[in-house]
Amino acid sequence: MNDIAHNLAQVRDKISAAATRCGRAPEEVTLLAVSKTKPASDVAEAIAAGQRAFGENYVQEGVDKIRYFQEQGIEGIQWHFIGPLQSNKSRLVAEHFDWCHTVDRLRIASRLSEQRPATLPALNVLIQINISDEQSKSGIALSELDTLAQQVVELPGICLRGLMAIPAPEADYDRQFAVARQMAVAFEALKARYPGVDTLSLGMTDDMAAAIAAGSTMVRIGTAIFGARNYIKN
Ligand SMILES: *Cc1c(COP(=O)(O)O)cnc(C)c1O
């Protein structure tokens, strides 16, 4: 077994253990493999090990990988855009990805909806919440969620599936859990209002267990699968 297959198996075990510990079924938690900065050959190893959902942060890098696997004739892979999205890049996301986790304003949502090709199913979107209230991070405040959600559900080219957050790094499990619970409460309220909502994208390599205990339905895992990222891209 290669490293990536081995790491994936370990991450799946951790997800199962975390879910079981809090009385949830492991199938309730989708594993998104975050392949940003990693070559297509790493993604291919993960696909060979059964992984189907991948997250990318940089539009052009993601589109290159999507095209590469399409050209290889590999089907059934789901591509999630999870990076900050500028308006001038929205068309590439609308035309190539299956999901966008980082909708945080009506302008971006409208563009994604208009630019989504009619030949494709609606783009699945999550509204990003700035749960730790850090000035540098994107996402809206929870107090702005009702208004944006009402606007997003009206747009025909996109489908509101839930919420996403990137909490500030926090080593302490109880604090990770407390922040994750705030997200879970907002998610449950949104789900009660809109029947299509089923996804809470929350949890990374270092806070996965707390996120699952709090109610996450999708964890975004990079380092634990592909190893440390050795370069930073802008
Ligand atoms: C890089 C990244 C991840 C993965 O983080 P790891 O700590 O490597 O698991 C998850 N979500 C987002 C939005 C990211 O940018």
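A few comments on the model shown:
- Residue count for the range 200-221, restricted to those that are outside any loop (DSSP other than H, G, I, E, B) and within 12 Å of the ligand (Cβ to nearest atom): 7
- Scanning the range 87-112 for residues that are small (Gly, Ala, Ser) and more than 24 Å from ALA186 (Cα to Cα), we see that the one that is surrounded by the most Cβ atoms within 10 Å (Cβ to Cβ) is SER90.
- Of all residues in the range 103-129, those that are closer than 19 Å to MET164 by Cα have Cβ atoms under 7 Å from Cβ atoms of residues that are among the hydroxyl-bearing types (Ser, Thr, Tyr) and surrounded by fewer than 21 Cβ atoms within 10 Å (Cβ to Cβ), 6 or more apart or on another chain, in ASP104/SER138; ARG107/SER87; ILE108/SER87; GLN128/SER138.
- Options ALA224, ALA178, ALA171: the member that is at negative phi, surrounded by 15 or more Cβ atoms within 10 Å (Cβ to Cβ) and outside any strand (DSSP E or B): ALA224
- Filtered residues of the range 129-143 (kept if touching a strand residue (DSSP E or B) at 6+ places or on another chain (Cβ under 9 Å) and either part of a strand (DSSP E or B) or among the acidic types (Asp, Glu) (or both)): ILE129, ILE140
- Qualifying residue in the range 108-127 (condition: modelled with pLDDT of 95 or more, among the charged types (D, E, K, R) and in contact with an Asp or Glu (Cβ under 7 Å, 6 or more places away or on another chain)): no
- In the range 48-87, the residues that are aromatic (Phe, Trp, Tyr) and away from the ligand (no atom under 12 Å from the Cβ): TYR68, PHE69, TRP79
- From GLN78, GLN51, GLN70, GLN60, residue being touching a strand residue (DSSP E or B) at 6+ places or on another chain (Cβ under 6 Å), surrounded by fewer than 16 Cβ atoms within 10 Å (Cβ to Cβ) and farther than 25 Å from ASN130 by Cβ: GLN78
- Residue in the range 185-199 that is near the ligand (Cβ under 10 Å from one of its atoms) and either surrounded by 15 or more Cβ atoms within 10 Å (Cβ to Cβ) or of a type outside the set (Ser, Thr, Tyr) (or both) present: no
The values are calculated or read from the model by the stated rules, or taken from the named source; none is laboratory data. Just so we're clear, the structure is a prediction, and the values are computed from it rather than from any experiment. Methodologically, a virtual Cβ is constructed for each residue, glycine included, from the backbone with ideal geometry; neighbour enumeration extends over all protein chains shown.
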